[in-house]
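Read the structure below first, then the notes.
The values are calculated or read from the model by the stated rules, or taken from the named source; none is laboratory data. Being a predicted model, the structure only gives us computed values, none of them experimental. Here the Cβ positions follow ideal geometry from the backbone for every residue, glycine too, while neighbour counts run over all protein chains shown. These accessible areas exclude ligands, DNA and RNA; they are computed on the full protein's heavy atoms, side chains included. Shrake-Rupley method; radii C 1.70, N 1.55, O 1.52, S 1.80 Å.
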Amino acid sequence: MVRNLLIINVVVFILQGSLFDARQFALYHFASDYFNPVQFITHMFLHGSWGHLFSNMFSLFIFGPMLERFWGSQRFLAFYLITGLGASILYSGVRAYELSELRHDTVAYIENPSPVAFNNYMDEHLKESSGRQLAIAMKRNPDRTEYVEESKSVVREVYDAIFNSPMLGASGAVFGILMAFGMLFPNLELFLLFLPVPIKAKYFVLLYGAYELYTGFNRVAGDNVAHFAHLGGMLFAYILIKMWGRNDYSEY
């Protein structure tokens, strides 16, 4: 099953853009015109770049086979799909809240535009603010209505771009696999490329989860990583394993 998933993800990535438009199958906010319920499943088999694909498939290749041998192919596939779906559900809930905040900021600016407010809006919602020159021009000529109207137009464009940005990738399911590995084989020692000493699986998962939690709650403008999708995959993995039960793997 791990082999099949690897093949499917690689083939789908190669076909993206030539045989079909990936944007149709990536996961959009439920209020977007581009949203389709089937995207909760299809987004798991799409990736944004070769690097994105490699990182997810490498983790699946390293941690997946041991879980598949432990559960069997059918249960492993069910686990993979359920954690991926759970990740997208949690992500969608968090994103709905984030977009409501974005909408509030957008409406607030349009109702009360100013050079400072425009500069703050761009800094808050873009990694690199592209509106500094316009903000300076507004500050020098606060009575020129064309600058104010242009700033409103820019703010609307930023809102639309963020609102209609989709999520794609197998990261939610992969983080579910990491969580399962840490729970089922907690004392198995891992050798990581960036650490000169081995680390037990349970500590690796704990540190990785803490990092995702921190970055999820301390997002910077322009961060397009779906941290709460990763956490959603880990959460649903924890719930599933508790429901299914597990053997004692303390010998590892």
> Could you give the accessible area per residue of the chain, probe 1.4 Å, as a whole number in Å²?
Replying inline: 56 Å²
>> Give me the percent relative contact order of region 49-205, please, defined on Cα pairs under 8 angstrom at least 6 residues apart.
In response: 29 percent
> Amide H to amide H, which residues 5 or more places from Leu190 or on other chains are under 5 Å from it, using H placed in the peptide plane?
Replying inline: Ile199, Lys200, Ala201
>> Place a point 7 Å from the Cα of Asp160 along the Cα-to-Cβ direction; which residues of region 89-104 have their backbone N under 18 Å from it?
In response: 102-104
> Relative to the first principal axis of the alpha-carbon coordinates of the chain, what is the inclination of helix 50-71, with its axis defined by its Cα atoms, in degrees from 0 to 90 and to the nearest 10?
Replying inline: 30 degrees
> For region 96-101, in order, what is each residue's ³J(HN,Hα) by Karplus, 6.51 cos²θ - 1.76 cosθ + 1.60 with θ = phi - 60°, in whole Hz (x at glycine and Pro)?
Replying inline: 4, 5, 4, 6, 5, 5
>> Give me log10 I(q)/I(0) at q = 0.09, 0.11, 0.21 Å⁻¹ for region 1-125, Debye formula, one equal scatterer per alpha-carbon, no solvent.
In response: -0.39, -0.55, -1.21
> Can you give me the relative contact order of region 135-208 as a percent, contacts being Cα pairs under 8 Å and 6 or more apart?
Replying inline: 19 percent
>> Projecting each Cα onto the charge dipole of the chain (Lys/Arg +1, Asp/Glu -1 at the beta carbon, about the Cα centre), which of Ala229, Asn4, His43 comes out farthest on the positive side?
In response: Asn4
>> Once you place label points 7 Å from the Cα toward the Cβ at Phe58 and Phe20, how far apart are they in nm?
In response: 2.8 nm
> Using θ = phi - 60° and the Karplus form 6.51 cos²θ - 1.76 cosθ + 1.60, what ³J(HN,Hα) does each residue of region 24-32 get, whole Hz, x for Gly and Pro?
Replying inline: 6, 10, 6, 8, 9, 4, 4, 8, 6
> Roughly speaking, to the nearest percent, how much of the chain's 1.4 Å accessible area is carbon and sulfur?
Replying inline: 60 percent
> How large is the helix-only mean residue ellipticity at 222 nm for the chain, computed as the sum of -39500 (n - 2.57) over DSSP H runs with n ≥ 4, divided by its residue count, in deg cm²/dmol to the nearest 500?
Replying inline: -22000 deg cm²/dmol
>> Just to be sure I understand the model, the point goes 7 Å from the Cα along the line to the Cβ. What's the resulting Val38 to Val116 distance in nm?
In response: 5.1 nm
> Candidates (1) 20.2; (2) 18.0; (3) 18.8; which is the computed Kirkwood radius over Cα pairs in Å?
Replying inline: (1)
> At a Förster radius of 51 Å, what calculated FRET efficiency corresponds to the Cβ-Cβ distance of Leu192 and Asp143, to the nearest 0.05?
Replying inline: 0.30
> Counting Lys and Arg as +1 and Asp and Glu as -1, each charge on the Cβ, what is the dipole of the chain about the Cα centre in debye, to the nearest 20?
Replying inline: 660 debye
> So for the pair Arg75, Val11, with labels modelled 7 Å out along Cα→Cβ, what separation do we get in nm?
Replying inline: 2.8 nm
